[in-house]
Amino acid sequence: MTRHFLTIADTGDRDLETIYRLAVAPVDDTLLAGQGVALVFERPSLRTRASSSTAVHELGGFATFFSDEEIGLGHRESVDDVGRTLSEMYSLVGARVREHRTLERWREVVGDRLGVINLLSDLAHPTQAIADLLTLADEFAEGSVAGLAGRTVAYVGDATNVTRSVAVALRRAGVHVRVGAPAGYQLSSGGGEDPSDPNLGGSLELVDNPVDAVRGADAVYTDAWVSMGLEAETDQRRRDLGPFAVTAEVMSHAATHAVVMHCLPAHRGDEITDEVLDSAASRVWRQVYHRRSAMVGVLRWMKGEK
Ligand code: CP
Ligand code: NVA
C-alpha cells in the first residue's frame, strides 16, 4: 500500500508516533537507495526545499527539483498528466502547491504507485508541524511529543495553513491551543485540516486579542501576515493585523519560561519584532533544524519503515 502525507488530520495516531520516532532515530539505512523523489514547487521556498533535498540524499535517494515555470501545472499540462508522468519515474512526489486539490488529484489518479507529500498548500503545512512538535518536545518533554500533553501554546496573527497543521498536531498531542486573531483572519472550521474537530484532544480557544491568547502560555507562535499568493492584500493586512504583532510587551504576558516560534520566513517589524525573534526565548533555528528531522521521519514512514 502506498502511503501519502497530505495533512496531519489524515495521519493516524500510530503513524504520527512513528513519524516522530523515525525523525530523530539515527539514520543507519539507505531506504531510498536508487529511488527518486520529485520535488515540485509552485511557490518559493528555502527551508522546505533544503530539508527535502538533504533528507532524500541522507536516505540514499536522489531528488529532482521542478519549478512552477517548468511544469506549468494545469496550463502547460493537466495536473493529472503531470502526476501520471512523475509516477513513471519517481516513487514519491513532494509538492508545494497553490491548491490543496492538486495533491488530492495525484492521490486519486496515481496514488497506488506514487506517494504524495504535502510541502505546503493553501490548506496545510504538515511537515512544518512535525518539526514544530519535535522542537517543543525538546524544550518541554525531553524529546517526547506525548510528554507535551497539558501544555499551552498560543498562536498570534493571521491564522494560516501553518496554524491549521500546527494546531491539529498540538491538539493530537493533548496540548491546549489558543489562537489570537482579528475578525476575518481567525481559524475557520471545516476543511481537510480542521483544528476545531472535537475529537482531536487537547483544546482550542479562539480569542480576538493577542494578550488573551498568550496569557500564561508555554510557547507563542506566529507566521506571516501576507502568505504567498496574497501579496495584493499587503496594505490591508498590515492595517488589520498591526495590533497582533508579537512584541516584547505581548511576550511579557506569556509564562516567564515561554519560547517563541515562527515557521519563517519572518517579516521583521511586521508580525514579529527583531527584539523578540532574536531573543533568548526564540526557538526558530531549532525549528529549522527539525525541518530536516521531520522530512527524514516522513520519508522513512512513507517507505514503510516501522
Ligand atoms: N517554513 C517554510 O516552509 O519555509 P520555506 O517557505 O522557506 O520553505
Ligand atoms: N503561511 C505562509 C507559510 C510560509 C512557510 C505561506 O503560506 O506563505
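Hey, with R₀ at 25 Å, roughly what FRET efficiency would Arg84 and Asp10 work out to, going by the Cβ-Cβ distance, to 0.05? My answer for the efficiency is 0.65.
Rg/Rh for segment 1-41 stands at 1.00; both radii use Cα atoms, and Rh follows the Kirkwood definition. Think of each Lys and Arg Cβ as +1 and each Asp and Glu Cβ as -1; about the Cα centre, that makes the dipole of segment 175-277 roughly 160 debye. Among the trypsin sites (Lys or Arg not before Pro) found in segment 8-117, those both in a DSSP coil and sparsely packed, with 16 or fewer other Cβ atoms within 10 Å of their Cβ, are Arg76, Arg98, Arg113. Put simply, the chain fits an ellipsoid with semi-axes of 31, 22, 17 Å; these come from the alpha carbon gyration tensor as the roots of five times its eigenvalues, largest first.
Could you calculate, for segment 87-207, the ratio of the Cα radius of gyration to the Kirkwood radius, expressed as Rg to Rh? That ratio equals 1.02. Taking the Cα atoms of segment 150-306, the ratio Rg/Rh between the radius of gyration and the Kirkwood radius comes to 0.97.
In terms of accessible area, using a 1.4 Å probe and ignoring ligands and nucleic acids, Tyr221, Tyr20 rank largest first as Tyr20, Tyr221. With N counted as the residues of segment 1-155, its alpha-carbon radius of gyration over 2.2 N^0.38 Å works out to 1.08. Mind checking the log10 I(q)/I(0) for segment 219-304 at q = 0.16, 0.18, 0.21, 0.26 Å⁻¹? Debye, one equal scatterer per Cα, no solvent, two decimals. Per q value, in the given order, log10 I(q)/I(0) is -0.71, -0.82, -0.97, -1.22.
Result for the chain in a Gaussian network model with C-alpha springs under 10 Å: among Asn199, Asn209, Asn118, the largest mean-square fluctuation is at Asn199. Both the radius of gyration and Dmax for segment 18-78 are 14.0, 42 Å, in that order, over alpha-carbon atoms.
Every helix of 4 or more DSSP H residues in the chain counts as -39500 (n - 2.57), and over all residues that averages to -11000 deg cm²/dmol at 222 nm.
The values are calculated or read from the model by the stated rules, or taken from the named source; none is laboratory data. Quick caveat, the model's predicted, so the values are computed rather than measured. Cβ coordinates were reconstructed from backbone atoms using ideal geometry, including for glycine residues, and neighbour counts include every protein chain displayed. All accessible areas refer to the heavy atoms of the entire protein, side chains included, with ligands and DNA or RNA removed. Shrake-Rupley method; radii C 1.70, N 1.55, O 1.52, S 1.80 Å.
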